[in-house]
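The values are calculated or read from the model by the stated rules, or taken from the named source; none is laboratory data. Note that the structure is a prediction, hence the values are computed from the model and not measured. Don't worry about glycine lacking a Cβ; one is built from the backbone with ideal geometry, like all the others, and counts go over all protein chains shown. In case anyone asks, the SASA skips ligands and DNA or RNA and just uses the protein heavy atoms, side chains included. Shrake-Rupley method; radii C 1.70, N 1.55, O 1.52, S 1.80 Å.
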Amino acid sequence: MNFKIPRGTQDILPESSALWQYVEQKAHDLCRRYNYKEIRTPMFEQTELFQRGVGDTTDIVQKEMYTFEDRGGRSLTLRPEGTASTVRSYVENKMFGWAGQPVKLYYIGPMFRYERPQSGRMRQFVQFGVEAMGSDDPAIDAEVIALAMSFYQELGLKGLKLVINSLGDKESRNNHRNALIEHFKPRISEFCGDCQQRLEKNPLRILDCKKDRDHELMNSAPSILEYLNDESKAYFENVQTYLSSMNIPFEVDPGLVRGLDYYNNTAFEIMIDGEGFGAITTLTGGGRYNGLVEEIGGPETPGIGFALSLERLLMALETQGIALPVESSIDAYLITMGDEAKRKAPGLLHKLRSEGIVVDTDYMGKKMKAQFKAADRQNASFTLILGDEELAQQTIVLKDLNTGEQENLSLDKAILKITESKRGEE
Ligand code: HAM
C-alpha cells in the first residue's frame, strides 16, 4: 500500500519551513508592536459553535465543515476559522471583565475547510488572525486594517489593494435586507437553489453567489451604502478618515459582502494584483462583528478582526520573486580524524552548542575529504578539525572557510573567534 497525503493538504519540508518560521516570527513581532497578545484555542470545537458563530447559511457551515462524532457521541468540528473559537474563549474566560479593554488577541494556526482544492485554496491552511474585542471606536478598525497592511508591506509585497465597505448596523442592515428581498423576489426562480434559499434567510449572501454572478439583477441590486443610517454613515466615514491619516490607500466597494454571517459596519479585504496567481486574489478578509459575542452567550460586546492565510502570503511572495532573508547556513562543522577524536566529538559538540554555536558533524563514517565536502554543502562558516596531534596538544584547528585561513588554538579561543565572527555578521 502506498500512502498519499490527503487532498488539499501539504507537507512543509525543511526548505520551506524556514520561510514559514520567518513569516510567523514577523506576525509575532508585529503583534507585539501593536500590543496584541497570542491566544491558542483547540483545533476542534462543538459543532454548534460554528453553526451559530459563522452562520447557518454560509458555505462554510453548509458545505465545508469537517464534522465528526467522538466516542462519547458529541458532535465536534475541526475549526474552519478562528473568530468563533476566539469569541467562545473570550466569553468562557469572561475576558469582558478583564482590566485593560479592549482585549486584543491574535492567533496563528491551522484551519480546515472541505473545499475544492486549487491554487491557494487548501483543505488545511494556516491563518494568522487578530481579534479586538470590547471597543466600538472606528480608530480600532483602522488599527486592525493597518496591522494587516503592515504585515504584507514589511515583507516586501507590492500591488496590494485594500477594499472596504460598510454593512451598516442592525437597523441599516434590516432596511437593506428588505430592499434586497423586494429586488430579487419577483425573479428569484431564475437564480440557483442556494440563492432561492438565501432570499428569506440572508439575501445579502445572494450578492456573493458565484453561479449567478452575471445575472442582470446583480448589478442593479440596491447598494448597502444607500441604506446606511446616519450613525453607520458617520462610523464608516471615521474609519476612512483614520485610514487616510495613516496614508493607507483604499477603495470603497459596496459589493463587498464577505462570506461569513457575523459582519456589520466595517468589512474589508486585501487583494493582490493577480498575475501568476490563478483565480485567488484575496489575501485577507476581515470586519466588524458587533453581535457575535452575544450570539455566543456573552454580554453585548463589539469586536473587529481579520484573518489571512500564510499559504496565500507565501504564494504571493514567490510570485513576486521576493526572497526572505532566511538562514540555512551553520557556524561550524566538526571534522574528526581517527577513533579517539570521534569519541571526543559528542562532548565537544555539546560544549559548542551550549555556547550558542550552530554546529554539526558527520555521523555516516565519512572519510576526511567527504567531511570537508559536507561542511561546504551545509554552508559552514568554519570547520573545526580534531586529530591525534590536536588531541595530544589539547587544541583544535579552526579554518575560516571564507578566507581559507587556518590556525591551531585552544577550544576556548576557537569558540571566541566563532562567536565574534557571528556577532560581526549580525
Ligand atoms: P475568511 O474570508 O473566510 O475570513 O478567510 C480569511 C482568509 O483566510 C482569506 O482571505 C484567505 O487568505 C484565507 N483562506 C480562507 N480559506 C482558505 C483556504 N481554503 N485555503 C487557503 N487560504 C484560505 C475568516 O476566516 C474570518 N474569521 C476573518 C475574520 C477574523 N473576521 C473577523 N475576524
Problem set entry | Length-normalised contact order of the chain in % [C-alpha pairs under 8 Å, at least 6 apart] | 16 percent
For this session: Could you let me know the centre-to-centre spacing of the stretch 399-419 and the stretch 337-376, using Cα atoms, in angstrom?
Result: 15 Å
Exercise. Calculated from DSSP H runs of 4 or more alone, at -39500 (n - 2.57) each and per residue, what is the 222 nm mean residue ellipticity of the chain, nearest 500?
Worked result: -11500 deg cm²/dmol
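With a Förster radius of 41 Å, plug the Cβ-Cβ distance of Asn247 and Arg423 into 1/(1 + (r/R0)^6) and report the FRET value to the nearest 0.05.
0.65
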For this session: Please build a GNM for the chain, connecting alpha carbons under 10 Å apart, and tell me which residue among Leu167, Leu310, Leu384 fluctuates the most.
Result: Leu384
Exercise. Most mobile of Gly168, Gly259, Gly100 per a Gaussian network model of the chain (Cα springs, under 10 Å)?
Worked result: Gly100
Seminar exercise, completed: Taking Cα atoms, the helix 170-184 axis meets the longest principal axis of the chain at an angle in degrees (rounded to 10) of 70 degrees
Exercise. By how many degrees, between 0 and 90 and to the nearest 10, does the Cα long axis of helix 339-354 differ from the longest principal axis of the chain?
Worked result: 40 degrees
Seminar exercise, completed: Residues whose modelled amide H sits under 5 Å from the amide H of Val126, counting only those 5 or more places away in sequence or on another chain, are Met111, Leu310, Glu311
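Want the number for Asp400 to Gln46: 0.36 nm per residue separation, take away the alpha-carbon distance, what's left?
Working: separation 354, 0.36 × 354 = 127.44 nm, distance 5.80 nm.
So the chain would gain 121.6 nm between Asp400 and Gln46.
Could you state the accessible area per residue of the stretch 332-425 in Å², with a 1.4 Å probe and every protein chain left in place?
That works out to 61 Å² for each residue.
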Exercise. Once the dipole of the chain is set up with Lys and Arg at +1 and Asp and Glu at -1 on Cβ about the Cα centre, which of Met271, Val239, Phe125 lies farthest towards its positive end?
Worked result: Phe125
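For the stretch 332-425, what's the relative contact order in percent, using C-alpha pairs closer than 8 Å and at least 6 residues apart? Working shown, then result.
Working: 119 pairs, mean separation 27.5, N = 94.
About 29 percent, as a whole number.
What does the charge dipole of the chain about its Cα centre add up to, to the nearest 20 debye, if the Cβ of each Lys and Arg holds +1 and the Cβ of each Asp and Glu holds -1? If you can, show how the numbers build up before the last one.
On the way: 51 positive and 64 negative charges, 223 e Å.
The dipole magnitude comes to about 1080 debye.
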Seminar exercise, completed: The ³J(HN,Hα) series, computed from each phi in the stretch 111-123 with the Karplus coefficients 6.51, -1.76 and 1.60 at θ = phi - 60°, rounded to the nearest Hz and given as x for glycine or proline, is 10, 9, 9, 7, 10, 6, x, 7, 3, x, 10, 10, 8
For this session: Normalise the Cα radius of gyration of the stretch 136-249 by 2.2 N^0.38 Å (N = residues in it) and let me know the number.
Result: 1.29
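Do the alpha carbons of any pairs in Lys63/Lys104; Lys344/Lys367; Lys342/Lys373; Lys26/Lys373; Lys94/Lys201 sit beyond 25 Å of each other, and which pairs? Don't jump to the answer; show the numbers that get you there.
Numbers: Lys63/Lys104 31 Å; Lys344/Lys367 17 Å; Lys342/Lys373 18 Å; Lys26/Lys373 34 Å; Lys94/Lys201 31 Å.
Correct reply: Lys63/Lys104; Lys26/Lys373; Lys94/Lys201.
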Exercise. Once you sort the root eigenvalues of the Cα gyration tensor of the stretch 201-268 as a ≥ b ≥ c, which label holds: rounded (a/c under 1.5), prolate (a/b larger than b/c) or oblate (the other case)?
Worked result: prolate
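Over the stretch 131-208, give the accessible area per residue in Å² for a 1.4 Å probe, as an integer.
On the way: 3050 Å² over 78 residues.
I get 39 Å² per residue for this part.
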Exercise. Taking springs between alpha-carbon atoms closer than 10 angstrom, which of Tyr242, Tyr363, Tyr90 fluctuates most in the Gaussian network model of the chain?
Worked result: Tyr363
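Using a 1.4 angstrom probe on heavy atoms only, work out the carbon and sulfur share of the accessible area of the chain in %. Each step should come with its number before you reach the end.
Numbers: 10430 of 22260 Å².
Reported share for carbon and sulfur atoms: 47 percent.
With the cut-off at 1.5 for a/c, could you classify the stretch 1-80 from its C-alpha gyration tensor as rounded, prolate or oblate?
Cα axes put the stretch 1-80 in the oblate bin.
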For this session: Sort out the exposed loop trypsin sites (Lys or Arg not before Pro) in the chain (DSSP loop, at most 11 other Cβ within 10 Å) and tell me the longest stretch that has none.
Result: 214-366
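To the nearest whole percent, what portion of all C-alpha pairs in the chain is separated by more than 27 angstrom?
Numbers: 55712 of 90525 pairs.
It works out to 62 percent of all Cα pairs.
Apply the a/c threshold of 1.5 to the C-alpha gyration tensor of the stretch 332-425 and tell me whether it is rounded, prolate or oblate.
On the way: a/c = 1.44, a/b = 1.19, b/c = 1.21.
It comes out rounded by the Cα gyration axes.
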Exercise. Over what distance in Å are the Cα centres of the stretch 71-91 and the stretch 97-128 separated?
Worked result: 12 Å
